[in-house]
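Below is one structure, written out as structure tokens, with a few remarks after it.
The values are calculated or read from the model by the stated rules, or taken from the named source; none is laboratory data. Predicted model, so just to flag it, every value in this text is computed and none were measured. Note that each Cβ is placed from the backbone with ideal geometry, even for glycine, and that neighbours are counted across all protein chains shown. Accessible surface is based on the protein model in full, side chains and every heavy atom, while ligands, DNA and RNA are left aside. Shrake-Rupley method; radii C 1.70, N 1.55, O 1.52, S 1.80 Å.
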Amino acid sequence: MINRLATLFAWAMAIGAALFLLAPLIVIAAASFSPTPVFDLPVDGASLRWYTRIGQMDGFWPALSLSLQLAAFSTLLALVLGTLAAIAIAQGRLPGAEAIGTFLVSPLMMPGLVLGIALLQYFRMVGFNAAWSALLLAHLVVTLPYVARTMIAGLSRFDFTLVEAARTLGCTYPGAILKVMVPALAPSFLTAGLFSFLASFDNYPVSIFLTDVRTKTLPIKMLQYIEEAPDPTLAALSTCILAATVVLLIASDRLVGLHRMAGTGQ
Amino acid sequence: MSERDHLVVRQASKRYGATTVLDRVDLSIRRGELVTLLGPSGCGKTTLLRLIAGLALPDTGSVSIAGRDVTRVPPHKRNVGVVFQNYALFPHLSVAGNVAFGLNVRRRPKAEVRAAVEKALALVHLGHLAERPISALSGGQQQRVALARALAVEPDVLLFDEALSALDRKLREEMQGEMRRMLRDIDATAIFVTHDQDEALTMSDRVAVMNGGRIEQLAEPRLIYERPASLFTLNFVGLSTRIPGTVVSEDNGTVEVDTPVGRLVATGGFIPGSRVIVATRPEHLRPATGDEGNAVNGRVRSIVFQGSRSLVEVGAGGETLLAELPGQEAAHLAPDAEIRLGWPVRETFAFPAPELSTPELAA
Amino acid sequence: MTDAALPLAKAPARPSRERLVAVALAAPAVLILIFLFALPLAKLLAASLTGAEGLTFVEYGKLLGTSFYLGVIWNSVRLALYTTGIALLIGYPAAFALARARGPVRSFLLACLFLPLAASVIVKAFAWTILLRSDGLVNTLLMAVGITAEPIRMIFTETALIVGSVNIFLPFMILPVYTVVAQLDPRLSDAAATLGASPVEAFVRVVVPLTIPGVVAGVALVFSLAVSAYVVPTLLIGERYPTLSTTIAKAYLLARQPAFGAAAGVVLLVIAVATVAVSARLAKLGGAK
């Protein structure tokens with residue numbers, strides 16, 4: 001009896017949580033089809049006109065392009081550097097491996113805003129004022145810990161005798177890494193890449209301190225639009241970003257499986 | 001080095017930090033020979049195997065395979081085949097993909113690879129599973145794939161690191177026989193590393209008993225069992241009776257020893273006054289008839305029925321004697337019964353008594 | 001930073017080749033974080049303590065000595081406390097259901113977890129501004145059901161802030177708890193039952209202690225995220241509820257008071273790091289591995 005009540009309660013909470021979590025996403029998608037400029041739900045007919053206006057928003061294309069560049073480059077760099085470091089840590093030949101692992105992951109618990117002002121101050125001090133490069137470096141600090149965490153976890157489950165086996169079968173050391181370790185770690189790699197890309201693309205609190213008048217990322221632009229003149233065009237843009245996220249997630253699910261990402265994500 | 005020595009390890013040492021894992025080990029193996037490195041964990045057997053495979057480098061000494069000095073040659077240029085403890089099969093490749101791996105990295109033509117994979121899989125009776133993923137195989141099947149993968153490259157020497165230890169007992173015994181036949185058929189030179197004495201005795205032409213980074217004895221399985229060269233070998237392989245005593249006289253290869261169970265005669269050469277351990281194997285002990293070289297009176301402590309034979313523990317003078325008796329001889333025995341056991345002098349060995357009894361020797 | 005740098009310096013005089021390779025592999029990532037993370041943070045700390053005449057605690061005095069800024073700090077902490085508490089109440093049972101779910105139900109629930117997790121924070125916060133407007137969906141529903149005759153003002157209230165904050169950070173509570181629950185051996189409850197424990201006792205004495213590490217991780221994560229949230233309070237409540245984050249942003253972007261902003265940043269950092277450190281300690285005491 002108590003068991004059944006408890007189970008019922010757990011399921012009620014799970015379904016409640018699911019609906020609660022989905023609610024804003026559904027509302028934003030619905031509002032993007034609003035027939036009027038005040039976020040009416042498309043009950044009496046839908047309109048696609050807001051979608052056609054996305055591209056006309058002031059400064060939209062440069063912001064999108066900048067955010068995509070930053071996310072792509074910082075993720076790529078983080079994947080390479082983070083994976084190499086994780087290999088060194090997981091193999092256990094690195095002196096102080098555990099402390100170094102903790103250090104590499106530590107920016108994750110740093111409030112983004114604090115990292116932002118710290119970098120702002122530091123870049124000013126050393127006289128570094130190229131906005132694009134400053135943003136890229138800052139985003140690397142954001143993405144690197146994601147990659148390090150996921151890859152260290154993935155590598156700790158990797159059986160290094162596989163590399164030895166490949167070497168005895170005729171592979172050089174780099175060859176063995178490429179042929180055996182890379183495929184075995186592909187799921188962790190994908191998870192790390194996906195989440196660090198999203199973390200960079202969505203980052204606001206670090207970027208805000210490092211932009212200049214011409215170099216603004218998409219989240220900064222979006223917050224500006226919302227504060228200045230919210231209209232359903234923003235809902236349309238948000239829906240597009242959501243749709244792209246859904247596509248990415250579905251692709252990752254096909255390749256890796258979400259339940260496995262739940263395990264490697266933390 | 002004789003013409004027939006196919007694999008030679010000379011004076012190989014390896015230290016990790018302050019621990020000496022291998023201590024100037026010499027080992028020579030002929031072409032087509034099956035040799036087991038047997039010993040407790042930490043004896044250096046796996047390290048020796050890794051030196052031969054090139055997965056670790058010796059601090060001193062040399063390794064040569066098929067007449068070529070490979071001491072500093074990286075593993076991928078040694079042409080060895082290794083079957084790892086947990087098989088180390090590549091999870092992202094199919095059965096055939098695993099077996100083809102070594103040939104593919106050697107850039108052999110496709111047709112040749114396909115033929116070699118088929119041949120290797122047929123040898124381990126897995127031809128029908130070629131396209132399966134590794135995760136769909138049972139433990140025994142994975143073991144066969146690991147073997148096929150190592151065989152496919154036609155290595156100069158095959159190395160097995162505890163390769164059967166993950167299988168259950170019945171399957172392990174089947175695989176032992178099957179593998180021995182197969183390795184004979186293809187005339188393979190192989191080294192097994194194991195801590196399982198049964199595996200060592202059944203699989204190999206010669207057994208190297210290792211302890212503390214050294215090879216204590218390298219000999220045929222029968223000699224290892226019947227003529228152990230050291231107290232360690234005696235203890236590690238098979239059961240035995242061991243009684244401490246003091247030599248009172250020496251005559252032409254035999255010694256008379258005073259022990260708590262009376263005076264015993266053993267083979268060996270010691271000067272009178274030496275502290276020794278007198279030992280024998282349980283199957284030599286029989287209810288005494290009068291004309292054995294050694295005889296002891298005691299009282300039955302326990303009888304363990306083992307099917308065709310029974311293991312009888314007899315207490316005498318504070319020591320324990322272990323006798324393995326055929327069924328009918330043990331049938332009328334009961335705990336606490338008086339018994340007189342006898343055994344021949346030529347099956348009685350004497351070893352120098354260890355100065356400090358190590359835990360293994362006390363056991 | 002020194003923690004990480006020391007072992008490198010202490011490497012043995014004649015390191016093996018393998019060790020050199022390992023150091024070379026880790027070096028780029030470590031150096032980047034030393035120069036772009038540890039050093040800037042050290043400089044930030046220095047800036048917060050530097051006045052016109054050198055060392056000063058003036059900025060900290062302003063923060064911790066005036067009731068207005070103590071209220072600001074309390075605003076941040078209160079938001080984090082509410083968010084964490086409510087997320088735990090919803091997330092803990094939900095994680096159990098998720099761990100029990102199989103097949104398409106599990107896929108659906110995981111999608112409900114990952115999609116919001118992957119979705120942009122700005123998009124979600126923006127959605128809540130639409131949902132909670134006086135002519136928004138929530139009010140329409142409430143009036144339709146007859147709970148209220150007049151639309152309730154929700155946006156720009158603390159309730160709106162907490163609802164949005166829970167919504168955005170809830171997945172970070174569910175995931176670590178789910179990971180722990182999914183690894184729980186179901187035979188443990190059975191074993192407790194055979195030893196005479198009622199279902200409630202089995203849950204309290206066996207299941208709850210074993211899930212503590214996940215709960216602690218989730219609490220630490222949600223608290224440290226919520227205490228430093230910037231986008232959520234900015235969009236859902238604005239000026240009337242100043243938090244440490246909005247204060248920091250204002251000090252740098254509008255008021256040009258970097259030393260004061262730095263001090264506020266250090267305070268926020270200390271709160272966030274202390275949360276994580278304390279919970280790691282708790283997890284250890286709680287019998288976790």
Legend entry - For C:93-104, mean number of other protein chain Cβ atoms within 10 Å: 5
Inset, instruction - Run through every distinct alpha carbon pair of region A:58-230 and return the Kirkwood hydrodynamic radius in angstroms, one decimal place. - result: 17.5 Å
Legend entry - Taking all pairs of distinct alpha-carbon atoms in chain B, Kirkwood radius in angstrom: 22.9 Å
Legend entry - Furthest towards positive pole of dipole, A:Thr217, C:Leu33, C:Leu81, structure part the protein assembly as shown, Cβ charges: A:Thr217
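FRET efficiency for A:Val80 and A:Arg157, Cβ-Cβ distance as r, R0 = 30 Å, nearest 0.05?
So the FRET efficiency works out to roughly 0.90.
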Legend entry - Mean residue ellipticity (222 nm) of chain B, computed from DSSP H runs ≥ 4 via -39,500 (n - 2.57), nearest 500: -7500 deg cm²/dmol
Inset, instruction - For C:Thr66 paired with B:Glu178, estimate the spin-label separation in nm (one decimal), with each label point 7 Å from Cα along the Cα-to-Cβ line. - result: 8.3 nm
Inset, instruction - Report, in debye and to the nearest 20, how large the dipole of region C:88-177 comes out about its Cα centre when Lys and Arg carry +1 and Asp and Glu carry -1 on their Cβ. - result: 380 debye
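Write down the Å³ per residue value for the convex hull defined by the alpha carbon atoms of region B:293-347.
Once divided by residue count, the hull of region B:293-347 is 81 Å³.
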Legend entry - When each of C:Lys62/C:Lys124; C:Lys43/C:Lys284; A:Lys179/B:Lys45; A:Lys216/C:Lys250 is checked by Cα-Cα distance, pairs over 26 Å: C:Lys62/C:Lys124; C:Lys43/C:Lys284; A:Lys179/B:Lys45
Inset, instruction - With everything on Cα atoms, drop me the angle between helix B:169-185 and the longest principal axis of chain B, reported from 0 to 90° to the nearest 10. - result: 70 degrees
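As a test, work out the antiparallel percent of DSSP beta bridges whose residues both lie in the protein assembly as shown, rounded to the nearest 5.
If I count the DSSP bridges inside the protein assembly as shown, around 80 percent turn out antiparallel.
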Inset, instruction - Would you kindly compute the Cα radius of gyration of region C:22-170 and its largest Cα-Cα separation (Dmax), both in Å? - result: 22.8, 69
Inset, instruction - Report the charge-dipole magnitude of region B:239-352 in Debye, nearest 20, computed about the Cα centre from +1 at each Lys and Arg Cβ and -1 at each Asp and Glu Cβ. - result: 220 debye
Legend entry - Most positive-pole-ward Cα, B:Gly317, B:Leu218, B:Leu34, against dipole of chain B from beta carbon charges: B:Leu34
Legend entry - Debye log10 I(q)/I(0) at q = 0.08, 0.12, 0.13, 0.15 Å⁻¹ for region C:67-288, Cα point scatterers: -0.37, -0.78, -0.88, -1.06
Inset, instruction - May I have the extent of the alpha carbons of the protein assembly as shown along their three principal axes, as whole Å values ordered from largest to smallest? - result: 115, 68, 65
Legend entry - Estimated FRET transfer efficiency (B:Arg299, B:Val345; beta-carbon r; R0 30 Å; 0.05): 0.80
Inset, instruction - Provide Rg and Dmax in Å for region B:131-247, with only Cα atoms included in the calculation. - result: 17.0, 67
Legend entry - Choice from B:Gly139, B:Gly327, B:Gly44 with maximal GNM fluctuation in chain B (Cα, 10 Å cutoff): B:Gly327
Legend entry - Percent of alpha-carbon pairs separated by more than 23 Å within region B:239-352: 26 percent
Legend entry - If the convex hull is drawn through the Cα atoms of region C:78-165, its volume per residue in Å³: 128 Å³
Legend entry - Cα pair count fraction exceeding 25 Å, expressed as % - region A:1-138: 63 percent
Legend entry - Spacing of the two label points (7 Å from each Cα toward its C-beta) at B:Glu250 and B:Arg31, in nm: 4.5 nm
Legend entry - Model label zone, C:Gln183; criterion: amide N under 19 Å from point 7 Å along Cα-to-beta-carbon; scope region A:130-158: A:148-158
Inset, instruction - Return the loop-located chymotrypsin sites (Phe, Trp or Tyr not before Pro) in region A:68-151 (DSSP other than H, G, I, E, B) with at most 14 other Cβ atoms within 10 Å of their own Cβ; answer none if there are none. - result: A:Phe128
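Return the FRET efficiency for the residue pair C:Leu142, A:Gln224: r is the Cβ-Cβ distance, R0 is 25 Å, and the value is rounded to the nearest 0.05.
Details: r = 32 Å, r/R0 = 1.27.
With R0 = 25 Å, the Cβ-Cβ based efficiency is 0.20.
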Inset, instruction - Evaluate the distance, in nm, between pseudo-label points positioned 7 Å from the Cα of B:Lys110 and of B:Asp185 along their respective Cα→Cβ axes. - result: 3.0 nm
Legend entry - Where trypsin sites (Lys or Arg not before Pro) fall in DSSP loop in region B:23-66, at most 16 other Cβ within 10 Å: B:Arg31
Inset, instruction - Sum up the charges of everything whose Cβ sits under 14 Å from the Cβ of C:Ala99, counting Lys and Arg as +1 and Asp and Glu as -1, but leave C:Ala99 out. - result: +2
Legend entry - Among B:Pro91, B:Pro133, B:Pro282: highest mean-square fluctuation, GNM of chain B, C-alpha pairs under 10 Å: B:Pro91
Inset, instruction - For every helix of n ≥ 4 consecutive DSSP H residues, a contribution of -39,500 (n - 2.57) applies; sum these over chain C, divide by its total residues, and give [θ] at 222 nm rounded to the nearest 500 deg cm²/dmol. - result: -24000 deg cm²/dmol
Legend entry - Area accessible to solvent at C:Glu239, 1.4 Å probe radius, in Å²: 150 Å²
Inset, instruction - Please get the size of the charge dipole for the protein assembly as shown, origin at its Cα centre, with Cβ charges of +1 on Lys and Arg and -1 on Asp and Glu, quoted in debye to the nearest 20. - result: 2040 debye
Legend entry - Potential lengthening between B:Ser308 and B:Leu57 on full extension [0.36 nm per residue; Cα-Cα distance subtracted]: 85.5 nm
